[in-house]
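**Student:** Below is one structure. I have some questions about it.
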Amino acid sequence: MIQAHRHLYLLLVVLVVAALLAAAWVNGRYRHDLEAARDRVAAGGRVARTACGPIQYEAFGRGPAVLMVHGAGGGYDQGVLFARLVGEEFRWIMPSRFGYLGTPAPEDPSVEAQADAHACLLDALEIHSVAVVGVSAGGPSSLQFALRHPERTRALVMMSAVSRADPPRPRLADRALGWVLTTDFPYWLAMTAFEPTLTSVLGITQDVQAGLSARDAAFVSDALVTMLPVSLRRDGILLDMSLPGAVNDWPLQDVAAPTLVVHARDDALVRFHHAEHTAAAIPGARTVFLSEGGHFGYTFGSSAMEQVAAFVRAAGAGNTGRQVP
């Protein structure tokens, strides 16, 4: 009996030591990844002093100017990731929206004010007109830009983009999702240990994930990593989570710019009815509707992105403005 107790005690000691070593390893890897993410964010982006306040952005390329409006959990860095998928032939302007990274949330953080801030950034860069590409939660301010600044909107592309109000989510689920998406360690843990589940929450079903090519799976992983640190995007994410009450029955029939709507029918995050609403409401809107692919469906393969590039190229995207150093 005494021998058995000794073995049990030894086993418990081994388990405790193993748990402590595992916790130390997890903590070390988390801190390493978080520091790398902070360094990456700090190394890019620049801040323009505009009539609408400070706006962080990044820019690259030459040619027709295109404004890339990122989705929830993004920032200028997410804009860069998606812009490179479309192509290098354009002059890309990628702002961080209100509350994301280096762009503070102003006293009036409304969608309309965000659309006007896009115009203020273009003023600071001496760019008159652009093609606007709105991704996911970047859709509302892209639509408002087209409505409020029609003379500056040469083309509008809505990619898996929000365009109308959704029913409110259950409060408990909303709070849990908000906690994971705005707190660094829970998000990092979900991204590192439960990537398929996190990817499903962000709109790509596990059936779609199972069929992804190595290239497309790597892009999804890169998109998840780009959201870290989520703590630097918290204010923006919370603003985006309030969108169901902020997107009203806007007069989309007044959008005059040539419009392309790109969306997958099985998008589990921004449901397909957003695309149907946009395409039906905007006169002459063209569509690229994918049978599957989830929230990032347009990024898988090259066809949809080639069609986006061709649409922007054909519509023309205004002057290139002064070159940003």
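The values are calculated or read from the model by the stated rules, or taken from the named source; none is laboratory data. Being a predicted model, the structure only gives us computed values, none of them experimental. All Cβ positions, glycine included, derive from the backbone under ideal geometry; neighbour counts span all protein chains shown.
**Student:** Taking the stated definitions as given, is HIS128 in the same structural domain as VAL80 (by TED's automatic domain parsing) and either at pLDDT below 95 or surrounded by fewer than 16 Cβ atoms within 10 Å (Cβ to Cβ) (or both)?
**Tutor:** Values: in the same structural domain as VAL80 (by TED's automatic domain parsing): yes; either at pLDDT below 95 or surrounded by fewer than 16 Cβ atoms within 10 Å (Cβ to Cβ) (or both): yes.
Against the criterion (in the same structural domain as VAL80 (by TED's automatic domain parsing) and either at pLDDT below 95 or surrounded by fewer than 16 Cβ atoms within 10 Å (Cβ to Cβ) (or both)), HIS128 qualifies.
**Student:** Tell me yes or no: at least one residue of the stretch 242-258 is within 23 Å of GLY74 (Cα to Cα) and either modelled with pLDDT of 95 or more or surrounded by 21 or more Cβ atoms within 10 Å (Cβ to Cβ) (or both).
**Tutor:** Scanning the stretch 242-258, I find no residue that is within 23 Å of GLY74 (Cα to Cα) and either modelled with pLDDT of 95 or more or surrounded by 21 or more Cβ atoms within 10 Å (Cβ to Cβ) (or both), so the answer is no.
**Student:** From the list HIS128, HIS118, which residue is farther than 20 Å from THR299 by Cα and assigned to a helix (DSSP H, G or I)?
**Tutor:** Working: HIS128 fails: assigned to a helix (DSSP H, G or I).
Just one listed residue meets the conditions, HIS118.
**Student:** Residue under question is SER141, and the condition is that it be surrounded by 13 or more Cβ atoms within 10 Å (Cβ to Cβ), part of a helix (DSSP H, G or I) and of a type in the set (Gly, Ala, Ser); does it hold?
**Tutor:** So SER141 passes the test.
**Student:** Considering each residue of the stretch 165-194, count those that are in a loop (DSSP other than H, G, I, E, B) and modelled with pLDDT under 90, and give that number.
**Tutor:** Going through the stretch 165-194 one residue at a time, the tally reaches 6.
**Student:** Would you point out the residue of the stretch 91-104, among those that are out of contact with any Leu (no Cβ under 9 Å at 6 or more places or on another chain) and surrounded by 24 or more Cβ atoms within 10 Å (Cβ to Cβ), that is nearest to ALA304 (Cα to Cα)?
**Tutor:** The extreme case among them is SER96.
**Student:** Report yes if GLU107 is assigned to a helix (DSSP H, G or I), more than 20 Å from the chain's Cα centre (by Cα) and either surrounded by 22 or more Cβ atoms within 10 Å (Cβ to Cβ) or charged (D, E, K, R) (or both), otherwise no.
**Tutor:** Here the answer is no, as GLU107 does not meet what is asked.
For (1) without any contact (Cβ under 8 Å) to a residue 40 or more places away in the chain; (2) more than 19 Å from the chain's Cα centre (by Cα); (3) not assigned by TED's automatic domain parsing to the domain that holds HIS295, each residue gets a yes or a no:
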residue	(1), (2), (3)
LEU147	no, yes, no
LEU156	no, no, no
LEU181	no, no, yes
LEU202	no, no, yes
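**Student:** Check ASP249 against each of (1) over 19 Å from GLY134 (Cα atoms); (2) of a type in the set (D, E, K, R); (3) in contact (Cβ under 8 Å) with a residue 40 or more places away in the chain and name the one condition it does not meet.
**Tutor:** (1)
**Student:** Give me the residue from the stretch 166-179 that is among the small types (Gly, Ala, Ser) and more than 18 Å from the chain's Cα centre (by Cα) and, out of that set, surrounded by the most Cβ atoms within 10 Å (Cβ to Cβ).
**Tutor:** The selected residue is ALA176.
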